[in-house]
Amino acid sequence: MSSSLKGFNVACPKCGAEKQINVPESLFFQKKFGTVKIKIPQGAVCTDHNFIVFISTKGKIVGYDVIDASISSDQDRVLPKEIIDLTLDKLIDAFGFNCVIGLIHAKLFDYPSFVLRSEEFKININQIDKIFDSLIPLQYRNNNAIKDVEFDTYVFNNQNYFYTAFKDNNTGAFLINNRKHVIHKPWKTTCDFEKSILDNALGRKDEGEQLNYLAQYINQFIKDVEFTKTLLENSKRISEKDLIKQLKEKLVVSTINKKRVLIIKEFIKQRFSKELSDRIKN
Ligand SMILES: [Zn+2]
């Protein structure tokens with residue numbers, strides 16, 4: 001029998017690095033139902049982590065798990081009951097890096113988001129929602145709370161059918177599952193900004209302060225946005241180049257570059273108006 005390979009775009013649940021991994025198709029013939037577990041060794045997708053990816057027998061990634069004795073041996077302790085103990089690391093352990101990035105983006109850019117689950121989730125979703133809210137300045141918090149949805153495994157014996165059905169009814173929402181997998185992103189932009197502030201916050205030594213740093217980075221970004229908004233309100237059009245120049249002069253604390261301007265533009269379009277963001281010309 002020929003051993004053909006099937007490629008999967010695998011994302012590390014600890015750091016978000018992505019890479020295509022080829023898996024022998026024969027693995028899926030051996031199992032008719034459920035999921036195939038594949039161990040990803042350190043170095044295969046990213047340099048620092050090993051983890052498990054779950055692939056349905058229909059050939060779709062349905063989740064991830066981290067290989068870490070201190071966590072996987074006792075899922076109940078992944079998140080403590082006290083909100084006060086919650087660190088960025090624990091959030092990433094619970095949701096996966098790319099899901100956390102997406103949740104920050106959803107909150108900041110005002111998109112609804114859902115955690116789809118087939119089993120009891122040992123996480124209080126309201127509490128999680130409050131944490132993400134607390135990262136954002138008060139006047140930019142919105143009604144798009146993170147919600148969780150449980151699906152009936154009797155009705156949907158294949159979870160992908162549920163995901164597809166739910167996605168079709170919520171095309172504007174960010175969807176993840178309780179196994180660290182991003183199911184649907186309603187935006188076209190990459191989340192480079194969110195990734196960089198998350199990396200920066202994780203780089204801070206004091207774990208208890210990492211969430212505060214994240215909030216500070218977001219706050220600085222909002223200040224940049226508001227300054228840009230005022231500029232745009234007072235001009236009919238401005239070239240990207242001129243805008244970068246003006247922001248560099250006035251916003252000395254921020255690193256202003258093309259990427260930053262793009263994300264500011266996206267925020268203005270999503271939160272204020274397309275007409276205003278269109279005043280920034282290439
Ligand atoms: Zn990694």
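Of all residues in segment 24-55, how many are within 14 Å of the ligand (Cβ to nearest atom) and assigned to a loop (DSSP other than H, G, I, E, B)?
Residues that pass the stated criteria total 10.
Sort out for me the helices (runs of 4 or more DSSP H) sitting completely within segment 105-204 that have 3 or more residues that are within 12 Å of the chain's Cα centre (by Cα) and within 21 Å of Gly34 (Cβ to Cβ).
Numbers: elements: 125-134, 159-169, 192-202.
Filter on segment 105-204 gives an empty set.
Here is a check on your reading of the model: is Ser4 more than 16 Å from the ligand (Cβ to nearest atom), hydroxyl-bearing (Ser, Thr, Tyr) and at pLDDT below 85? Give the steps one after another, and end with the answer.
Values: more than 16 Å from the ligand (Cβ to nearest atom): yes; hydroxyl-bearing (Ser, Thr, Tyr): yes; at pLDDT below 85: no.
Spelling it out, it is not the case that Ser4 is more than 16 Å from the ligand (Cβ to nearest atom), hydroxyl-bearing (Ser, Thr, Tyr) and at pLDDT below 85.
Give Phe97, Phe114 a once-over and let me know the one that is within 16 Å of the ligand (Cβ to nearest atom) and modelled with pLDDT of 95 or more.
Working: Phe114 fails: within 16 Å of the ligand (Cβ to nearest atom).
The unique qualifying residue is Phe97.
Give me the residue from segment 22-54 that is crowded, with 18+ Cβ neighbours inside 10 Å and not polar (S, T, N, Q) and, out of that set, farthest from Ser196 (Cα to Cα).
The initial filter retains those residues of segment 22-54 that are crowded, with 18+ Cβ neighbours inside 10 Å, namely 35, 40, 45-46, 49, 51, 53-54.
Next cut, not polar (S, T, N, Q) only: 40, 45-46, 49, 51, 53-54.
Details: Ile40: 24, Val45: 19, Cys46: 17, His49: 19, Phe51: 22, Val53: 24, Phe54: 27 Å.
Out of the qualifying residues, it is Phe54.
Grab the helices (runs of 4 or more DSSP H) fully contained in segment 205-282, keeping just those with 1 or more residues being of a type in the set (Lys, Arg) and farther than 20 Å from Asp192 by Cα. Please lay out each step first, then the result.
Working: elements: 210-233, 240-250, 258-271, 274-277.
Because the criterion is at least 1 residues that are of a type in the set (Lys, Arg) and farther than 20 Å from Asp192 by Cα, the helices (runs of 4 or more DSSP H) in segment 205-282 that meet it are 210-233, 240-250, 274-277.
Can you name the condition, by its number, that Asn200 falls short on among (1) free of Cβ contacts under 8 Å to residues at least 60 places away in the same chain; (2) more than 30 Å from Val10 (Cβ to Cβ); (3) touching a helix residue (DSSP H, G or I) at 6+ places or on another chain (Cβ under 9 Å)?
(2)
Is there a residue being more than 15 Å from Ile101 (Cβ to Cβ) and small (Gly, Ala, Ser) anywhere in segment 172-195?
yes
Do we have Lys245 as over 23 Å from the mean Cα position of the chain (by Cα) and either at pLDDT below 95 or farther than 28 Å from Pro186 by Cα (or both) here? Explain how you work it out, then say what you get.
On the way: over 23 Å from the mean Cα position of the chain (by Cα): yes; either at pLDDT below 95 or farther than 28 Å from Pro186 by Cα (or both): yes.
Judged against the criteria, Lys245 is a match.
Residue check: is Lys58 in contact (Cβ under 8 Å) with a residue 60 or more places away in the chain and away from the ligand (no atom under 16 Å from the Cβ)?
yes
Taking segment 9-23 as the search range and keeping residues that are within 16 Å of the ligand (Cβ to nearest atom) and not in a loop (DSSP other than H, G, I, E, B), which one is farthest from Thr47 (Cα to Cα)? Please lay out each step first, then the result.
Going residue by residue through segment 9-23, those that are within 16 Å of the ligand (Cβ to nearest atom) are 9-21.
From what's left, not in a loop (DSSP other than H, G, I, E, B): 9-11, 18-21.
On the way: Asn9: 16, Val10: 14, Ala11: 13, Glu18: 11, Lys19: 12, Gln20: 15, Ile21: 15 Å.
That would be Asn9.
Mind checking whether some residue in segment 203-216 is in the same structural domain as Phe114 (by TED's automatic domain parsing), crowded, with 17+ Cβ neighbours inside 10 Å, touching a residue at least 24 places away in the same chain (Cβ under 8 Å) and under 22 Å from Leu135 (Cα atoms)? It would help to see each step written out before you state the result.
Step one: list which residues in segment 203-216 are in the same structural domain as Phe114 (by TED's automatic domain parsing), which gives none.
Scanning segment 203-216, I find no residue that is in the same structural domain as Phe114 (by TED's automatic domain parsing), crowded, with 17+ Cβ neighbours inside 10 Å, touching a residue at least 24 places away in the same chain (Cβ under 8 Å) and under 22 Å from Leu135 (Cα atoms), so the answer is no.
The values are calculated or read from the model by the stated rules, or taken from the named source; none is laboratory data. Since we're looking at a predicted model, the values are computed, not measured. When we count neighbours, we look across all protein chains shown, and the Cβ atoms used for this are built from the backbone with ideal geometry, even at glycine.
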